[in-house]
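The values are calculated or read from the model by the stated rules, or taken from the named source; none is laboratory data. Quick caveat, the model's predicted, so the values are computed rather than measured. Note: ideal-geometry Cβ built from the backbone for every residue, glycine included; neighbour counts use all protein chains shown.
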Amino acid sequence: MIARSNRTERVCAAILGTVALLVGAGALALHLRRVDRPVLEPRVLDWARDNLLLSRIGAIVLGLLLIVVGLRWAWRAVTPEKHPDLALEDGVVVTSGAIADAVKADVEQVDGVSSASVKVIGEPALRMKLTLRQGADVRAVWQELDGVLGRARNALGVTVLPTAVRLDLAARARQRVR
Amino acid sequence: MRVLLRLLSPFLGLAVAGAGALLIAEIAWHWAGRGHLLPRTLTDLAWTDDRVRVAALISAIAGLLLLILAMTARRRFLRLHDPADGVVVTTSSTALARVVGHRVRKEEGVTGASVTASKRKVHVRATSRLHDEATLRPHLLQVVGETVKGLPIARRPKVSVVVHSPKDRPKHRPEVRR
């Protein structure tokens with residue numbers, strides 16, 4: 001099964017890395033140029049003392065932002081992905097496993113698809129990996145996908161069904177030794 | 001790299017949140033008129049201090065590593081055209097290479113082929129005992145071009161073909177001097 005996107009982690013790490021790199025490089029440049037001034041610049045401190053309320057509020061907002069971003073980053077990394085059930089009208093709940101199995105059974109009927117794995121990753125959103133047989137007509141399978149997802153949309157009674165599809169082409173068929 | 005980013009993310013996230021909490025605690029402490037929470041060494045520390053160099057180097061190197069990690073932890077995939085709204089279809093460059101490889105090996109006169117594929121380029125190295133490069137190469141270029149064109153790839157990669165054939169070796173080999 002393809003893994004979920006790690007964009008949040010990557011963006012957070014990139015921002016933190018850039019900040020650390022710029023701060024480090026800047027401090028190193030000032031050190032090498034032998035700038036004989038305190039690290040906490042007195043002019044900046046004086047300005048902060050003159051605008052005490054503003055700088056305090058600014059610092060608290062920055063602190064809150066760091067807490068929120070940091071906790072979300074850590075939380076996202078440690079929690080497993082959710083596979084939410086879908087609540088229909090009249091209190092009927094379709095479990096995520098049922099949706100995934102139904103779509104999997106449907107998509108495996110498509111000519112050229114040898115196996116499929118489907119996961120529900122949103123309310124409703126799908127991620128699936130299709131393994132195509134060697135010599136399968138990729139364009140035909142690709143066109144058929146809309147039909148499969150259209151049936152899923154109709155069955156679930158939704159107008160949009162965001163889906164990420166990964167095609168594994170021309171995979172070698174498993175051979176069983178007897 | 002993806003695993004490393006996943007493992008580091010909780011710690012980095014908690015560190016960022018901790019820095020934010022420390023900042024707010026310091027401001028709150030000072031606001032309440034209880035002096036400073038953090039030690040006051042920074043006011044006495046000048047840019048010329050050796051500790052600044054060490055800290056700056058550590059920060060710059062750690063930032064650079066984090067940036068590289070964030071850049072390399074992405075999954076590389078080939079984007080196909082979207083068959084419907086909200087549906088994203090991708091495949092891997094290995095899968096593309098497999099498809100092209102199967103197609104090339106099917107051609108008459110090709111004894112073997114190795115294919116490397118990326119987002120931008122498909123490179124085929126074919127070997128043939130029957131044909132020389134001049135006759136086989138244009139044909140293979142056409143076949144590979146059609147195969148790639150047959151796939152609904154969003155940005156079509158360039159195709160290059162090299163043919164190795166014993167027929168292309170010089171017939172009159174210069175005598176080896178002893």
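Conditions first: (1) touching a residue at least 60 places away in the same chain (Cβ under 8 Å); (2) at the interface with chain A (Cβ under 7 Å from one of its Cβ atoms); (3) among the basic types (Lys, Arg). B:Arg79 passes all but one, so which condition is the exception?
Against the list (1) touching a residue at least 60 places away in the same chain (Cβ under 8 Å); (2) at the interface with chain A (Cβ under 7 Å from one of its Cβ atoms); (3) among the basic types (Lys, Arg), B:Arg79 comes up short only on (2).
Please go through region B:20-55 and pick out each residue that is of a type in the set (Gly, Ala, Ser) and more than 15 Å from A:Leu16 (Cα to Cα).
Just the residues of region B:20-55 that are of a type in the set (Gly, Ala, Ser), to begin with: B:20-21, B:25, B:28, B:32-33, B:35, B:46, B:55.
Of everything in region B:20-55, those that are of a type in the set (Gly, Ala, Ser) and more than 15 Å from A:Leu16 (Cα to Cα) turn out to be B:Ala21, B:Ala25, B:Ala28, B:Ala32, B:Gly33, B:Gly35, B:Ala46, B:Ala55.
For region B:29-139, which fully contained strands (runs of 3 or more DSSP E) count at least 3 residues that are over 28 Å from A:Ala14 (Cα atoms) and modelled with pLDDT of 90 or more?
It comes to B:110-117, B:121-128.
I'm trying to understand the selection: among the residues of region B:89-121, which are over 25 Å from B:Pro166 (Cβ atoms), within 14 Å of another protein chain (Cβ to nearest Cβ) and either acidic (Asp, Glu) or within 20 Å of the chain's Cα centre (by Cα) (or both)?
Answer for region B:89-121, where residues must be over 25 Å from B:Pro166 (Cβ atoms), within 14 Å of another protein chain (Cβ to nearest Cβ) and either acidic (Asp, Glu) or within 20 Å of the chain's Cα centre (by Cα) (or both): B:Val89, B:Thr90, B:Thr91, B:Ser92, B:Ser93, B:Thr94, B:Ala95, B:Leu96, B:Ala97, B:Arg98, B:Ala117.
Condition first: assigned to a helix (DSSP H, G or I) and either in contact with a strand residue (DSSP E or B) (Cβ under 9 Å, 6 or more places away or on another chain) or at pLDDT 85 or above (or both). Can you find one or more residues in region A:113-135 that meet it?
The answer is no, given that none of the residues of region A:113-135 is assigned to a helix (DSSP H, G or I) and either in contact with a strand residue (DSSP E or B) (Cβ under 9 Å, 6 or more places away or on another chain) or at pLDDT 85 or above (or both).
Could you identify the single residue in B:Leu22, B:Leu14 that is in contact with a helix residue (DSSP H, G or I) (Cβ under 6 Å, 6 or more places away or on another chain) and either at the interface with another protein chain (Cβ under 8 Å from one of its Cβ atoms) or assigned to a helix (DSSP H, G or I) (or both)? Even if it seems obvious, please write down each step before you answer.
Details: B:Leu22 fails: in contact with a helix residue (DSSP H, G or I) (Cβ under 6 Å, 6 or more places away or on another chain).
Just one listed residue meets the conditions, B:Leu14.
If I go through region A:1-43 residue by residue, how many of them are more than 7 Å from every other protein chain (Cβ to nearest Cβ), over 23 Å from B:Val16 (Cβ atoms) and either outside any helix (DSSP H, G or I) or at pLDDT 85 or above (or both)?
Residues flagged as more than 7 Å from every other protein chain (Cβ to nearest Cβ), over 23 Å from B:Val16 (Cβ atoms) and either outside any helix (DSSP H, G or I) or at pLDDT 85 or above (or both) within region A:1-43 amount to 8.
Among the residues of region A:82-91, is any without any contact (Cβ under 8 Å) to a residue 12 or more places away in the chain, more than 15 Å from A:Asp168 (Cα to Cα), within 13 Å of chain B (Cβ to nearest Cβ) and not in a strand (DSSP E or B)?
Looking for residues that are without any contact (Cβ under 8 Å) to a residue 12 or more places away in the chain, more than 15 Å from A:Asp168 (Cα to Cα), within 13 Å of chain B (Cβ to nearest Cβ) and not in a strand (DSSP E or B), one finds none in region A:82-91, hence no.
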